[in-house]
Amino acid sequence: MFRKILIANRGEIAVRVARTARRMGIATVAVYSDADASAPHVKACDEAVHIGPPQPAESYLRIDKIVDAARRTGAEAIHPGYGFLSENEKFAAALEEAGIVFIGPTKESIRAMGSKSAAKDLMEKAGVPTTPGYQGADQSYETFRRECARIGYPVLLKATAGGGGKGMKIVEREADLAEQLASAQREGKSSFGDDRVLVEKYIPRARHLEVQIVGDGMGNVVHFFERDCSVQRRHQKIIEEAPAPRLPADVRKRLHTIGVNAGKAVNYRGAGTVECLYDGKDGVWFMEMNTRLQVEHPVTEELTGVDLVEWQLKVAAGEGLPKKQEEIREQGWAFEARLYAENPDNNFAPSIGALTTLRFPKEERTDSGVEEGQTITPFYDPMIAKIIRHGRTREEALARLRLALAEIRVGGLETNARFLHRLASDPDFIAGDVSTRYIDEHRESLFANPQIEQRAVAAALLQLDVETRAAAGRDPWESLTGFRLNKPAKAVAWITVDGEAAIARMTRGAEGVDVEIDMNAAAAKRRKYADARPTSPAREAELRRFSVIGEPSANGLRLTLDGETFEASVVDHGNMKRVFIGAERHDVQHPDVLSGALAGHSAGGSLNAPMPGVVTLLKAKHGERVEAGAVLLVMEAMKMEHAIKAPHDGVVKAFRFKPGDQVKDGDLLVEFEETA
């Protein structure tokens, strides 16, 4: 076995590999960019080597720097994790030449499976069923137009060197083909240095099933059953489970056979994943093979009790497969939910910023590579953690997952935690009725954005009161029951409720805090005093009144409101208080009245940069009249393209940036004038 390995990656997977290596008595070396100098993966390893600036092309994708770091530290082998260089045949070849073991497949296997088009050709020759499509060398628009017509719309364009949903576009009709083809080619070139594209028949309600395999490079390949990865956004998985629900026994057997045969066709060595499409009836087709460890590998580990990283290390060290096929058994059911720094209500746009609060569920398994106080940057994948839960049955495992998701607390940026909980609570998901169209078909229930409830406002105000008193040098918990003081005290706070400016007046008494919310804050702002009383029945109707009692608890606050007692966690979130009550969260703003924050915001948010990135293409011209929905500009962030579209019919007055310009979150990109 190796004495020392280098982990050529960052974040969660680097921490994950280091954990198994330490258990096996193997020393580890981390590599890091300027952005990751104090990241958890650096702390998790025994040594660390700096390899360059934040941009992956200048650090984590630099083969020469990775090889040099291994030589300098005496690392005998390199684990690539997933992403970055994990499926790069040049990297595998460079390590072979340097005499360093690559903990992964041979360069020949990577080459054979690295191109989606070449892999499909190979599988067809090996008798493995593949999805109907075109993966030829001719990349002209006319060829794609002809092939798409032959296959029949809708079709799916894929970057041949792609992965992680990048360079994938659904095309519903021929009129959209040229634009979507160009976009897929740009994303492929940007993310993988290869603009070649293939096209497949798009199966709208398909299920995305995959088989985990491990081979020894000597003709022996075993499978670890299957995973269902159907629930996706932007063609990227967000919840995975194993085994796949509601799968006929004969289909399951065919799926495992496809996985093993695909591995044997390339004499596979190490851990890999064979991905397939299932039409929900009888059709199962090979889609692609990922020649690396998958993000969702913990699902299989929990199902089988096998440490797949340990298997990778043993196979790479020449020890062969630790178990035979008949010795690998299933135990219960497992789920994994990917917690991302992203905003589901803004088309899952990545959220950039500091994690001012980060609290994970305490029990069972959570894999993460970030910590509280760390900044999520635009340079890398925005995944924060993987929440993994196992149970004796699917119902038990899913119930444990829901409880875990309800305990997540993140402040400082947006996450998909609430969305994941809604997904895991949806009746159709609970029933196992899933497909790659699941999110689109369940938008009404998954994206509901309820108004801020009275409980959240009460919790935010009491937390604000606690902090104000603590800052003034008084013990905020001097009386642990109901904030009881010797005499009544009053406080006034400006807040925003559901986007509307309001004034909160709080009076503390022996039995708690009496709260009065004045929703006509704009009028109150014009009055001389914020706590002026209403003077008419109409003004009286604009008030909301309630009384609340609060005391500290292990999770934050324990409140009693209208006879109901509940727990709430309140954390800072920019200039807001983010209130968590179970799985739901609400933001109650408390802006500085002098800052102008109560004056409202200008419209036209679609013309502002949704996140930091680079402008890649201007689609319209100065002075051009366009219709609502027309693409005005394309920008790239986190290796994904984002189209900035006209919010209504109008005229393009000016572009603020040109292709190649870096933009910040919120920058105005286009001056646009609405037409009648």
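The values are calculated or read from the model by the stated rules, or taken from the named source; none is laboratory data. As the structure is a computational prediction, the values presented were derived from the model and not from experiment. With ideal geometry, Cβ positions are generated from the backbone for all residues, glycine too; neighbour counts draw on all protein chains shown.
Among the residues of region 244-278, how many are in contact with a strand residue (DSSP E or B) (Cβ under 8 Å, 6 or more places away or on another chain) and within 13 Å of VAL434 (Cβ to Cβ)? Residues that pass the stated criteria total 4. What about LYS125, is it at pLDDT below 95, surrounded by fewer than 21 Cβ atoms within 10 Å (Cβ to Cβ) and closer than 30 Å to GLY318 by Cα? Judged against the criteria, LYS125 is a match. State all residues of region 306-333 that are more than 23 Å from VAL295 (Cα to Cα) and touching a Lys or Arg at 6+ places or on another chain (Cβ under 8 Å); if no residue qualifies, say none. Once the filter is applied, which keeps residues that are more than 23 Å from VAL295 (Cα to Cα) and touching a Lys or Arg at 6+ places or on another chain (Cβ under 8 Å), region 306-333 yields only GLY320. Reported count of residues in region 107-132, each being among the polar types (S, T, N, Q), in a helix (DSSP H, G or I) and within 20 Å of GLY152 (Cβ to Cβ), is 1.
Results for (1) of a type in the set (A, V, I, L, M, F, W, C); (2) assigned by TED's automatic domain parsing to the domain that holds LYS323; (3) assigned to a helix (DSSP H, G or I); (4) crowded, with 22+ Cβ neighbours inside 10 Å, shown as yes or no for each residue.
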residue: ARG146; (1), (2), (3), (4): no, no, yes, no
residue: ARG150; (1), (2), (3), (4): no, no, yes, no
residue: GLY165; (1), (2), (3), (4): no, no, no, no
residue: LEU177; (1), (2), (3), (4): yes, no, yes, no
residue: GLN180; (1), (2), (3), (4): no, no, yes, no
residue: LYS189; (1), (2), (3), (4): no, no, yes, no
residue: ASP194; (1), (2), (3), (4): no, no, no, no
residue: HIS223; (1), (2), (3), (4): no, yes, no, no
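Scanning region 152-163 for residues that are part of a loop (DSSP other than H, G, I, E, B), under 20 Å from GLU275 (Cα atoms) and touching a strand residue (DSSP E or B) at 6+ places or on another chain (Cβ under 8 Å) yields a count of 3.
Here the condition is being surrounded by fewer than 24 Cβ atoms within 10 Å (Cβ to Cβ), touching a strand residue (DSSP E or B) at 6+ places or on another chain (Cβ under 6 Å) and not charged (D, E, K, R); of ALA39, ALA48, it holds for ALA48 alone. Restricting region 133-144 to residues that are not small (Gly, Ala, Ser) and not in a loop (DSSP other than H, G, I, E, B) leaves a set whose member that is surrounded by the fewest Cβ atoms within 10 Å (Cβ to Cβ) is GLU142.
Please enumerate the residues belonging to region 446-464 that are surrounded by 14 or more Cβ atoms within 10 Å (Cβ to Cβ) and farther than 22 Å from GLY556 by Cβ. The one that is surrounded by 14 or more Cβ atoms within 10 Å (Cβ to Cβ) and farther than 22 Å from GLY556 by Cβ: LEU446.
For (1) surrounded by fewer than 18 Cβ atoms within 10 Å (Cβ to Cβ); (2) under 22 Å from GLU414 (Cβ atoms); (3) modelled with pLDDT of 85 or more, each residue gets a yes or a no:
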position: ASP514; (1), (2), (3): yes, no, yes
position: MET519; (1), (2), (3): yes, no, no
position: ALA522; (1), (2), (3): yes, no, no
position: ARG526; (1), (2), (3): yes, no, no
position: ASP531; (1), (2), (3): yes, no, no
position: PRO534; (1), (2), (3): yes, no, no
position: GLY556; (1), (2), (3): no, yes, yes
position: SER569; (1), (2), (3): no, yes, yes
position: PHE580; (1), (2), (3): no, yes, yes
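For region 133-168, a tally of residues being touching a residue at least 60 places away in the same chain (Cβ under 8 Å) and either of a type in the set (Phe, Trp, Tyr) or over 30 Å from PHE84 (Cβ atoms) (or both) returns 1. Per the listing VAL315, VAL260, the residue uniquely at pLDDT 95 or above and crowded, with 22+ Cβ neighbours inside 10 Å is VAL315.
For region 67-99, the tally of residues that are part of a loop (DSSP other than H, G, I, E, B) and in contact (Cβ under 8 Å) with a residue 60 or more places away in the chain stands at 11.
Residue-level check: of (1) of a type outside the set (A, V, I, L, M, F, W, C); (2) surrounded by fewer than 23 Cβ atoms within 10 Å (Cβ to Cβ); (3) over 15 Å from GLY104 (Cα atoms), THR300 misses just (2). Among the residues of region 237-250, those identified as among the hydrophobic types (A, V, I, L, M, F, W, C) and either part of a loop (DSSP other than H, G, I, E, B) or buried (at least 19 other Cβ atoms within 10 Å of the Cβ) (or both) are ILE238, ILE239, ALA242, ALA244, LEU247. Criterion applied to THR377, THR366 was being under 15 Å from the mean Cα position of the chain (by Cα), closer than 19 Å to CYS229 by Cα and surrounded by fewer than 22 Cβ atoms within 10 Å (Cβ to Cβ), and the one residue passing it is THR366. Candidates ALA424, ALA406: the one that is touching a Gly at 6+ places or on another chain (Cβ under 6 Å) and closer than 22 Å to LEU358 by Cα is ALA406. Scanning region 340-361 for residues that are among the charged types (D, E, K, R) and under 22 Å from ASN555 (Cα atoms) yields one hit, ARG359.
Take the conditions (1) over 30 Å from ILE7 (Cβ atoms); (2) touching a His at 6+ places or on another chain (Cβ under 9 Å); (3) buried (at least 18 other Cβ atoms within 10 Å of the Cβ); ASP428 misses just one of them, which is (3).
Residues in region 73-88: is at least one more than 29 Å from the chain's Cα centre (by Cα), surrounded by fewer than 18 Cβ atoms within 10 Å (Cβ to Cβ) and within 22 Å of GLY369 (Cα to Cα)? Looking through region 73-88, none of the residues is more than 29 Å from the chain's Cα centre (by Cα), surrounded by fewer than 18 Cβ atoms within 10 Å (Cβ to Cβ) and within 22 Å of GLY369 (Cα to Cα).
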